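Here the structure is laid out as structure tokens; the discussion comes afterwards.
Only the coordinates and a few stated rules stand behind these numbers; no lab work does. Fair warning: this is a prediction, and the values are worked out from it, not measured in the lab. FYI the Cβ positions are ideal-geometry reconstructions off the backbone, even for glycines, and counts take in every protein chain you see.
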Amino acid sequence: MSEHASSTVPTSTRSSTVSARVAQALTRHVSEVFGVMGNGNAHLLDALATTRTRFTAMRHEAGGVAAADAYARAGGGLAAATATYGAGFSNTLTPLAEAVMAQIPLILVVGDAPTTGARPWDVDQFQIAAGLGAPTFTVGRDDATATTLRAIEHAVHRRTAVVLAIPYDLAAVASDEPLRADGTPHHPALVRPSRVEPVARRLDTAAAALRGAHRPLILAGRGAWLADAGPVLGELAERLDAHTATTALGRGLFGSSPRDLGVAGGFATEHAASRIAEADVVLVVGAGLNQFTMRFGEAFSPAAHVIQVDLADAPTNARVDELVHGDAALAAAGLLERLSDGAGSGWVASAGHARPAPHLDRDLGDGSSGDGLCADGRLDPRSLAHRLDELLPADRTVVQDGGHFIGWAPMYFDIPSPDRLVMVGTAYQSIGLGFPSAVGAAAAGHRGTTVLCTGDGGGLMALPDLDTVIRTVPSGVIVVFNDAAYGAEVHQYGSRGLDQTPMLIDEVDFAALARALGGQGVTIDTLADLDGLTDWVHAGAQGVLLLDCRISTSVVAPYLSEMMHQGPRPVAVD
């Protein structure tokens, strides 16, 4: 079949093609598709246009996958991305790897080489995806519906990204699938994953350790949120008189509870880090305990007994002393049943006066006197983040791109709940996924303002989808932490004497770029310039406003200081 033969499909047969069967199966389980149209997926998108599923046109194929990922993280459910074969597929690889590593259920529907053999421009997409950990499901003429449903089931059960491939020569041909009496293909119900019951004796052992604790701590992650374990964990903390804390991806799980210490690890306040280090028994629920949460091994006391509740088959960190394999909510409920009302440790009660909310209990930096400026005349990012938290609408979803600035919003912003903080790129250590992630998060159903925090380096990488943000996000603020550099590299390598030329970026006028694409843009040189944000909020917070914030490179983020020195160290500020 020639490259253009498939464009002449009669309208009468379009609803029964292989691509149409894929679209019909997808639309039963997916309400949003993000991507870029090309030769390999044109017929799929044509078929989707006749369904209830909404398609958002992105400006880069990587943006389609990042948007679908963010949509899922923000609570929208399973989403799909789509791209053509070859170069379109290979453009998706970085966000595809991120989704796999972050355990995000996601369907990437792509074109593929014809069944008759590869063309000069085809690559082995099956092996490339497998190298990232993403399995590929390839549809045929007689199984397009069944294969699509198998791909969806795999993504949901395994909590991973999968590739659904449509060979080019099958995209527009009639499906040979057997039909029901009414002329439609059979759509069996998806088998939903069952909840894993923890082993009773494991709960008995964990309950005994918690009962004997003098300074118990409950540390919860995104897994606790996904299992809806927050309320019962809060009740368990009350019964134990335990402190609570979360990973960055669990921000907001415990609301405004006075016993909550906020984020653990590199984003923790000094007070929180100190209290966490005092704990003698730590119950970790739905958190992987990566090096940042563990502060490179120094988060917990060496004498602390660490219990992990997780769906993983083995402990995810060598520091774990015992593993309770099972659903987070079921495990928490089981522990609560085993602990009597008199099990309280008295640890939190003995602390005395209440402290400010963790995001308010922060060093405001060199600019705390009012102008927000460091000695070099540029904004202190800590003062900036604190002031932004005061001015931004309270009903917000925060989307965080990667880079040196990655901690300022999670540390200084109030986050309503874990699904209102989206950090695409953290699992794969990627930057440049911010703009498309904002598109996906905004589509997930929250009615408030989508706040994207990105850097100048990552922002330039993702620039094609600044247009998509402005086109599709009904209420959005883009905060560009613009230090005219790849800040993390300056601090990690420039500080060691390496040539900084490749680490520097000529200052870009992002505000002008936003205006050129139809949005609003303001350059922020001092805190007083944030009056533009105040005006935007008072006018109804409609449309997209970009704040090009010129920040200083003299402030080293605490998490980066810890990473550079493989342990907590004072933050050096010039």
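In a DSSP loop and with at most 11 other Cβ atoms within 10 Å, the chymotrypsin sites (Phe, Trp or Tyr not before Pro) in segment 100-165 are Trp121. Given +1 at the Cβ of Lys and Arg, -1 at the Cβ of Asp and Glu and no other charges, the dipole of the chain around its Cα centre is 1340 debye to the nearest 20.
About the Cα centre, and with charges only on the beta carbon of Lys, Arg (+1) and Asp, Glu (-1), how big is the dipole of segment 380-461? Nearest 20 debye, please. Please report the intermediate quantities before stating the final value.
Values: 5 positive and 8 negative charges, 23 e Å.
For segment 380-461, the charge dipole is close to 100 debye.
Contact order for segment 5-170, expressed relative to its length and based on alpha carbon pairs under 8 Å spaced 6+ residues apart, stands at 24 percent. Close amide-amide hydrogen proximity is noted between Thr244 and Ile218, Asp260, Leu261, each under 5 Å apart and 5 or more residues distant or on a separate chain (H modeled in the peptide plane; Pro and chain starts excluded). Report note on the peptides 127-136, 37-46, 260-269: ranked by the mean count of other C-beta atoms within 10 Å, highest first, their order is 260-269, 37-46, 127-136. Exposure proxy for Asp506, Asp531: other Cβ atoms within 10 Å of each Cβ, ordered fewest to most, give Asp506, Asp531.
Mean sequence separation of contacting Cα pairs (under 8 Å, at least six apart), scaled by the length of the chain, corresponds to a relative contact order of 13 percent.
Could you check how many percent of all C-alpha pairs in segment 292-340 are farther apart than 13 Å? Don't skip to the end; give the middle numbers.
On the way: 736 of 1176 pairs.
Counting pairs separated by more than 13 Å, the tail of P(r) holds 63 percent.
Per-residue Cβ neighbour counts within 10 Å put Thr205, Thr53, Thr116 in the sequence Thr116, Thr205, Thr53, beginning with the fewest.
Using a cutoff of 8 angstrom between alpha carbon atoms and counting only pairs six or more residues apart, the relative contact order for segment 200-358 works out to 32 percent. Neighbours of Leu170, meaning other residues whose beta-carbon lies under 13 angstrom from its beta-carbon, give a summed charge of -4 when Lys and Arg score +1 and Asp and Glu score -1.
Close amide H contacts of Phe34 (hydrogens built in the peptide plane, cut-off under 5 Å, sequence separation of 5 or more or a different chain): Thr56, Ala80, Ala81, Thr82.
For segment 5-170, the C-alpha radius of gyration divided by 2.2 N^0.38 Å, with N the number of residues, is 0.92. Dipole of the chain computed with +1 at Lys/Arg Cβ and -1 at Asp/Glu Cβ about the Cα centre; of Ile415, Ala47, Val508, farthest Cα towards the positive end is Ala47. Near Ala79: Cβ cut-off under 9 Å, other residues only, Lys/Arg at +1 and Asp/Glu at -1. The net charge is -2. Here is the P(r) of the chain: all C-alpha pair distances, binned every 20 Å from 0, give 21, 49, 27, 3 in whole percents.
Ordering Ser340, Ser383 by the number of other Cβ atoms within 10 Å of each residue's own Cβ, fewest first, gives Ser340, Ser383.
For a test of the definition: using alpha carbon positions, the gyration tensor, and the 1.5 limit on a/c, classify segment 200-358 as rounded, prolate or oblate. Taking the square roots of the gyration eigenvalues as a ≥ b ≥ c, segment 200-358 is rounded.
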